[in-house]
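Every number here is computed from the coordinates shown, using simple stated rules; none is lab data. Treat the numbers as computed from the prediction; the structure is a model and nothing was measured. All Cβ positions, even for glycine, are placed from backbone atoms using ideal geometry, and neighbour counts span all protein chains on display.
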Amino acid sequence: MTPPSASVAPAPPAATAHADPAAAPATSPPGPEPQSAIDREIAALHTAAAHARTAGGPVPAHPGRDFAPYRSTRLRHPVQPLATIEALRDPEAVELAGPVFGGTDVTALDADLTRQHAGEPLGERITVTGRVRDRAGRPVRGQLVEIWQANAAGRYAHRSDRHPAPLDPNFTGVGRCLTDDAGRYTFTTVRPGAYPWRNHHNAWRPAHIHFSLFGTAFTQRLVTQMYFPGDPLFPYDPILASCTDPRARARLVCAYDPELARAEWSLGYRWDIVLDGPAVTWTEEDR
Ligand SMILES: [Fe+2]
């Protein structure tokens, strides 16, 4: 595969239930600021980014480490220079500590989040599929793709999530699969609900699914989020807004695909992931 362009901060693997990092502040008091204050900050930063693009400046493929309207970004990255370790002088040593998995480690059931318990989860059953490609459009085969998400009520199966929405005993919200020879991944799950978080007063996250992709070493891991088309919460979400290029934000939104819908059974969404190049998918780089 073409290695991802950079490493990212650790995000939870799909082996166990995990909350969205953004959901963690749910245990702290809500921020006092109104949405209008956040909106003004986002607008100012987007205007500055647009001016920079118009002036011919570089268009960052990923958000910066700090995006002020997303209040906790300043707590989510190192503030000291990264330490040089022996592995960096000997790249092969990194590979020795890399992920080891294969077709026998990942089963078909791992990709079906609706069949992990005795009963079926509540919610709108959906198929989510797409291709993982490099900048040249070549498929990235055998890539471990992990997802984690809230349930249909907007609640993570995680002790840090205190949102008073019901847990679903039949839904853990984690899954994984390997891309096939065409670079394709496919998951069966339920559409996640929106949930509140305490970035500011009455802040709600648009419905989304977290994605993690491993390269050939843990240092290549990429983490991002997929959103659903037409969500009215898009303009108010500082996390989505931290991607300041509107075209890059649009690439984070999947497309409804009637060809993926199964009659009398489920709806289908398509979302492709590009690991690098001009059409790169936004990832939580450097966090
Ligand atoms: Fe989340």
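Ordered by residue, what ³J(HN,Hα) values in Hz, to whole numbers, does region 45-59 give under the Karplus form 6.51 cos²θ - 1.76 cosθ + 1.60, where θ = phi - 60° and Gly and Pro are x?
Once rounded to whole Hz, the list reads 5, 5, 5, 5, 5, 5, 4, 5, 5, 4, 6, x, x, x, 9.
Give me a comma-separated list of calculated 3J(HN,Hα) values for region 234-247, in order, Karplus coefficients 6.51, -1.76, 1.60 applied at θ = phi - 60°, integers in Hz, x for any Gly or Pro.
Karplus-based 3J(HN,Hα) across region 234-247 equals 3, x, 9, 9, x, 6, 4, 5, 5, 8, 7, 8, x, 5 Hz.
Hey, if you drop one equal point scatterer on each alpha-carbon of region 194-266 and run the Debye formula without solvent, what base-10 log of I(q)/I(0) do you get at q = 0.15, 0.24, 0.28 Å⁻¹?
The Cα Debye sum returns log10 ratios of -0.66, -1.12, -1.27.
Report the Stokes-Einstein translational diffusion coefficient (µm² s⁻¹, integer) for region 143-264, Rh taken as the Kirkwood radius over Cα pairs, at 10 °C with viscosity 1.306 mPa s. Intermediate values should be presented prior to the final figure.
Details: Rh = 16.0 Å.
The calculation lands on 99 µm²/s.
Run the simple label-point estimate for residue 202 and residue 35 please: 7 Å along Cα→C-beta, distance reported in nm.
About 0.6 nm, to one decimal.
Starting from the amide H of residue 273, placed 1.01 Å from N in the peptide plane, find each other amide H under 5 Å away whose residue is 5 or more places distant or on another chain.
Amide H to amide H, under 5 Å and 5 or more residues apart or across chains, residue 273 pairs with 131, 132, 133.
Can you give me the C-alpha center-to-center distance between region 181-256 and region 32-56, rounded to a whole angstrom?
20 Å
Evaluate E = 1/(1 + (r/R0)^6) for residue 105 and residue 265, where r is the Cβ-Cβ distance and R0 equals 35 Å; express this FRET efficiency to the nearest 0.05. Can you show the working numbers first?
Numbers: r = 29 Å, r/R0 = 0.82.
The computed FRET efficiency comes out at 0.75.
Please state the charge dipole magnitude for region 145-287, taken about the Cα centre, from unit charges on C-beta atoms (+1 on K and R, -1 on D and E), reported in debye and rounded to the nearest 20.
Details: 15 positive and 16 negative charges, 95 e Å.
The dipole of region 145-287 has a size of about 460 debye.
Below 9 angstrom from the Cβ of residue 68, what's the summed charge of the other residues (Lys, Arg +1; Asp, Glu -1)? Could the numbers behind the result be given before it?
Values: positive: 71, 74; negative: 41, 66.
Around residue 68, the surrounding residues sum to 0.
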